[in-house]
Number of protein chains: 2
Amino acid sequence: MSNVSTVRKPRASRRNSPRRELIVRRAAELFEEQGVAHTSIEEIAAECGVTRESIYYYFSDKVDILIEIIKPESISLDSGLQRILGLDISVREKLVLAVENHLHRFNPNYTDMVVAVRRMRRAKQDARLVEMLNIWRHYQRNWVSLIQEGQKTGEIPGSFDAKVVAYAILGMCNSPSTWYRPSASLTIGDLSNILVAIATNGIFTEK
Amino acid sequence: MSNVSTVRKPRASRRNSPRRELIVRRAAELFEEQGVAHTSIEEIAAECGVTRESIYYYFSDKVDILIEIIKPESISLDSGLQRILGLDISVREKLVLAVENHLHRFNPNYTDMVVAVRRMRRAKQDARLVEMLNIWRHYQRNWVSLIQEGQKTGEIPGSFDAKVVAYAILGMCNSPSTWYRPSASLTIGDLSNILVAIATNGIFTEK
């Protein structure tokens, strides 16, 4: 890297570099393994076999890397649900698709990173963190809309608080983050089937 | 505090001191607010208006304080479920009691502390952390036993993986940690009723 910093491209345009991709991948592994709070730029650099300065060439700080990891997935999660909501099918069918959308698009290892963003946001004002929280809030609101739609059609009892129901189903869909690792004996598809069955009919045979 | 450290009582016998209780309470607040990883002994001391040395008079380190906060609750959570499993009632009735036991005994603010213990355990061997993990494993196994009992009685379909079902219900019961604060309009009892209804019958009116 030459020292002619005045001619360096802005960070945003330093995309599609194999080194940049390596940094994001290794950082994601470290964040998953030891948590965002316990991971420093120095460690990420050491893990990539590059200097601290190389990291700062591509990213302004740890938050930048963190958001690069979770933002694309968060956006696709929410836009997937948005599309499902617009389909001309029953709410029951939408719920099945919504659970599948969540399990297929959400990397369970990212749950801790979501917690980290929430915590950082509480500690400081940062437009990038606020943007992430807004994406997730929009996603949660879409889930609440789905339940409310079912209450309007009469498919879901109106006596339930739509927000509590939506958050309970979402909580169930997020829980595999603490124990699930993809395997042939329990694929994401199998997992999805069980969660959909519980959400739609509960766990008991006789009602 | 005198300097005659040779006559100091061992830490374990320095119980029931108002200062000790203050330290635990303030530490719990800091852990909840900013996370275990971001909280230092120095901050806990400052928050209590005592010296760092005062903290070390009662606790050998941060892990000691953390475990003092979450261990009694974890034990009562598991022994509560153990008692429910031994009752002479249907599995459906046991499930209702098990969800209520979880929601009434588990402080939702402690979820992050549970994650912190898991992460610390991965980073280092420590008998106190291993003991905590064993309590939680025992609790999870008790949940799996409950589902398996239902499969034996035919109340729960045998085609479901008992572990996945147990963890899904537990995940749903843990999820209020990210959003629920007790209020008159949604008590722990209300919340419990909705989660029990979902777990037993699913969210739809028609099956």
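Each value in this text was obtained by applying a stated rule to the coordinates, not by laboratory testing. Keep in mind it's a predicted model, so treat the numbers as computed, not measured. Don't worry about glycine lacking a Cβ; one is built from the backbone with ideal geometry, like all the others, and counts go over all protein chains shown.
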Shielding of A:85-98 by other chains, given as the mean Cβ count within 10 Å, works out to 1
XL table A:Lys124/B:Lys71; A:Lys71/A:Lys124; B:Lys71/B:Lys94; A:Lys94/A:Lys152; A:Lys62/A:Lys94; Cα-Cα > 26 Å flagged, in table order, is A:Lys124/B:Lys71; A:Lys62/A:Lys94
So, in nm and shortest first, the distances from A:Arg52 to its counterparts in the other copies, with label points 7 Å along Cα→Cβ, work out as 2.2
Taking the label point 7 Å from Cα along the Cα-Cβ vector, the copy-to-copy distances for A:Arg118, listed from shortest in nm with one decimal, are 1.4
With a ≥ b ≥ c from the Cα gyration tensor eigenvalues, square-rooted, and the rule rounded for a/c under 1.5, otherwise prolate when a/b > b/c and oblate otherwise, the range B:69-201 is oblate
Per-residue average of other protein chain Cβ atoms inside 10 Å, peptide B:186-198 -> 3
Output for the range B:109-207: GluC sites (Glu not before Pro) sitting in coil per DSSP, at most 16 other Cβ within 10 Å, listed by number, reads B:Glu206
Among trypsin sites (Lys or Arg not before Pro) in the range A:95-163, those in a DSSP loop whose Cβ has at most 13 other Cβ atoms within 10 Å are A:Lys124
Whole-Å distance linking the alpha carbon centroid of the range A:72-123 with that of the range B:128-207 is 22
Gyration tensor on Cα atoms of the protein assembly as shown, a ≥ b ≥ c root eigenvalues, a/c under 1.5 rounded, else prolate if a/b beats b/c, else oblate, says oblate
Here the gain from full extension of B:Asp61 to B:Leu22, 0.36 nm per residue of separation minus their alpha-carbon distance, amounts to 12.4 nm
Sorting from shortest, the nanometre distances separating the label point of A:Glu131 (7 Å past Cα along the line to Cβ) from those of the same residue in the other copies are 4.8
Within the set A:Ser54, A:Ser79, A:Ser159, GNM on chain A using Cα springs under 10 Å gives the largest fluctuation to A:Ser159
Only helices counted: for chain B, with every DSSP H run of 4 or more residues adding -39500 (n - 2.57) and the sum spread over all residues, [θ] at 222 nm is -22000 deg cm²/dmol
